[in-house]
Amino acid sequence: MTPKQLNYFARIAECGSFSAASRELLIAQPALSLQIGNLEEELGVELFYRKPRGVDLTENGERLLAHAYDILRHIESATLDIQSADLEPTGVIKVGMVPAINNVLASQLAAAMALEYPRVELEIIAGASLYLKQQLDNRKLDLCIIHPDGAGFGDSVVTPLLREALFFVGARTNRYSHIKKRGKEQCIRFADLVHYTTLSTEIHDGLGFRIKQYEEETGIALNKKRSFGQLMTDLNVILAGEAEMILPWSAIYHLAGDKRLVTARIIEPEMERDVFTLTSPRQPLTNTLVKTQALIRSLVEDIFREGRSVGTPL
């Protein structure tokens, strides 16, 4: 089994046919078929179901594809590490972020990129996890920073980035008798959230999915009302005293001094969510992408040290 064979195999799987892959790879179809035939003979299994028009992966083919992507990405990474360590990144890099992370990271990343890699043009797109994952799969993003949702991460290359604590957020005009002091921190038990109307996104959105997970783990169903789909709109509803919300501190840190809001850390159990960077195994691993990922990770500690979120790097 060689990297060349794995690359050919992955391209055929992506294209859905030997003929389409041969055109993309600029290799004659008989030669491509020979390479895959040799690979199947070595493994002792069939990797594709041959159809009149195209191919489908067999179960063994599905298993090999996941390994192929990992192996090819490691090879690319090692090559870049040796060849590109001193090369200055160039070109366009497109980064997607969920709104709360965008709130605490976007401007800092733009400033750091401009300072360290002035030849890179950074584009930042904010959106829900599901949308950003779709954009990544369609190669319209180079990487995205998201949290898990009901759709999962598929075959994306997933790297843990940070873990955030979640908070109960309400209006000071309302009374919240279930909020208690724990040391210097205001807290509220998860079970006591049932006494309030909580705005929640759908379960295919990262935050709604996380809330649903906690409901299932604790057996406690919250009194939920559908989110209006935009954080600023939801915050206006909260400030009007019409509902409350569960949010990471990164979504509201810029309002920390706003005396109209009441915040309390959720405990028993503590509510947290993990955030990850995702890249596509079908996207070329470039020096610019590698350096951008490293720069993002270097900025994460600043998020917590400067109080823009509450949690820890992963």
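For every residue, the table says whether it meets (1) in contact with a strand residue (DSSP E or B) (Cβ under 9 Å, 6 or more places away or on another chain); (2) outside the structural domain of V158 (by TED's automatic domain parsing); (3) among the basic types (K, R).
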{"site": "L34", "(1), (2), (3)": "no, yes, no"}
{"site": "E42", "(1), (2), (3)": "no, yes, no"}
{"site": "F48", "(1), (2), (3)": "yes, yes, no"}
{"site": "V55", "(1), (2), (3)": "yes, yes, no"}
{"site": "R73", "(1), (2), (3)": "yes, yes, yes"}
{"site": "M113", "(1), (2), (3)": "yes, no, no"}
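Which ranges mark the strands (runs of 3 or more DSSP E) fully within segment 147-263 that have 3 or more residues being touching a Pro at 6+ places or on another chain (Cβ under 6 Å)?
Values: elements: 157-171, 180-182, 185-189, 197-200, 223-226, 244-248.
Of the strands (runs of 3 or more DSSP E) lying wholly inside segment 147-263, those with at least 3 residues that are touching a Pro at 6+ places or on another chain (Cβ under 6 Å) span 157-171.
So that you can scan it fast, the table gives a plain yes or no per residue for (1) exposed (fewer than 15 other Cβ atoms within 10 Å of the Cβ); (2) of a type in the set (A, V, I, L, M); (3) in contact with a Leu (Cβ under 9 Å, 6 or more places away or on another chain):
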{"site": "M113", "(1), (2), (3)": "no, yes, yes"}
{"site": "E121", "(1), (2), (3)": "yes, no, no"}
{"site": "G127", "(1), (2), (3)": "no, no, no"}
{"site": "F153", "(1), (2), (3)": "no, no, yes"}
Looking for whichever is of a type outside the set (F, W, Y), outside the structural domain of P248 (by TED's automatic domain parsing), within 26 Å of R308 (Cα to Cα) and surrounded by 16 or more Cβ atoms within 10 Å (Cβ to Cβ) here; the options are L207, L132. Which one fits? L132
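Out of P248, P269, I need the residue that is surrounded by 19 or more Cβ atoms within 10 Å (Cβ to Cβ) and touching a residue at least 40 places away in the same chain (Cβ under 8 Å). Which one?
P248
The values are calculated or read from the model by the stated rules, or taken from the named source; none is laboratory data. These numbers were taken from a predicted model, which means no experiment stands behind them. Every residue, glycine among them, receives a Cβ derived from its backbone with ideal geometry; neighbour counts consider all protein chains shown.
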